[in-house]
Structure formats: structure tokens, C-alpha cells
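Since the structure comes first, as C-alpha cells, the remarks are kept for the end.
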Amino acid sequence: INPQSAFKQDAASLASQLVGDYKAHPIVVPKSASVYDAIVQIFLEDVGTLYAVDKNGQLAGVISRKDLLRAAIGNSNLEELPVSVIMTRMPNVITVSPDETLLEAGKKLIQNHIDSLPVVREVDQENQLYEVIGRITKTTITRAYVELLDY
Ligand code: ADP
């Protein structure tokens, strides 16, 4: 088998893997949670990003490590500051659906300079309401790369 065509097959099989088959468990907090509690969660769950949801459980925003660091520098009372004030809010959150490919997810991560994408299911198209069903991170893509090519 020609090494170049084997390489193309590997690349094509990696690119065509579906987000739904690789997504990790999302760590979600209510948007009313304090920045203090979000910092505790990010350590306890060992993740880089938390997703904030509203009272109906729908995606409201994304909170990254740097968002929390920035908030911690300027504020003395992190227990009183809700994450809704510091998060990146809908409709500015970049999402991915389970039927998109890992290539599409990887492009969104790179083009938007972000570390993670919430995997969502649309519950109301008109009002752009989404339920969070997973997460795709740079680690997810690296794991798929290693699993598929380490034979
Ligand atoms: P960090 O800020 O810890 O380096 P990121 O690079 O993922 O982590 O986040 C950079 C900024 O982009 C943060 O302000 C964060 O809120 C925002 N962000 C992270 N993920 C997303 C996303 N999926 N959609 C929109 N914004 C995001």
C-alpha cells in the first residue's frame, strides 16, 4: 500500500468522525452561580471551561479560565459576583451539533481562538434556545487523532 494514499485514508477517516461519537460530558453551572463557585467547580471537575445555563437548563454562556482570572483580579467579593456578568453570552457562543464532523469542530476552535465548544441540541430555532449535551475540546481532537493513527 502506497504510504501517501494510506496517509490520505487516515486523514479522511479522522476528518469524518462525528462530534456525537467523541463528545465529553459537559460541566454546567447555573448562570446565577458565583464566580467563587465557578472557580471551585473548574478545579473539582478538572476542566478548562464551564457552560452556564438559565433556569430552564438552556445554554446562556461560556466561562473560561481566563474569564475567571480576569474577574478575580479586579474583584474582592467573588462570592457575590454572578458568572452571568463575566461570561461570554449567547448569541455570541460558538456551538457545534452532534452530527457535525470533528474537522468542522476543529476549524471552529482554530478560527475563533477558543479551547472548547458546547455540543448542543436545538430546542427552539426561532428563539435560538439550545440544550447542552456535551463538549468538544482540543483534547477531544487530540484523542481522536491518537486513537485513529496509533495502530
Ligand atoms: P482561556 O480564556 O482560558 O484561554 P478560551 O481560549 O477557550 O480559554 O477562551 C477565550 C475567550 O473566549 C473567553 O473569554 C471565553 O469566554 C470565550 N469562549 C470560550 N469558548 C467559547 C465559545 N465556544 N464560544 C464563544 N466564546 C468562547
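The values are calculated or read from the model by the stated rules, or taken from the named source; none is laboratory data. None of the values given here were measured: they were computed from a predicted structure. When we count neighbours, we look across all protein chains shown, and the Cβ atoms used for this are built from the backbone with ideal geometry, even at glycine.
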Boolean, residue 53 is crowded, with 19+ Cβ neighbours inside 10 Å and either modelled with pLDDT of 95 or more or within 10 Å of the ligand (Cβ to nearest atom) (or both): yes
What pairs can you find where one residue is in the range 74-96 and part of a helix (DSSP H, G or I), the other is within 12 Å of the ligand (Cβ to nearest atom), and their Cβ atoms are less than 6 Å apart, with a gap of 6+ or different chains? 83/38; 83/52; 83/63
Single unsatisfied condition, residue 99 versus (1) more than 16 Å from the ligand (Cβ to nearest atom); (2) surrounded by 11 or more Cβ atoms within 10 Å (Cβ to Cβ); (3) in a loop (DSSP other than H, G, I, E, B): (2)
Give just the number: which of (1) more than 13 Å from the chain's Cα centre (by Cα); (2) more than 9 Å from the ligand (Cβ to nearest atom) does residue 134 not satisfy? (1)
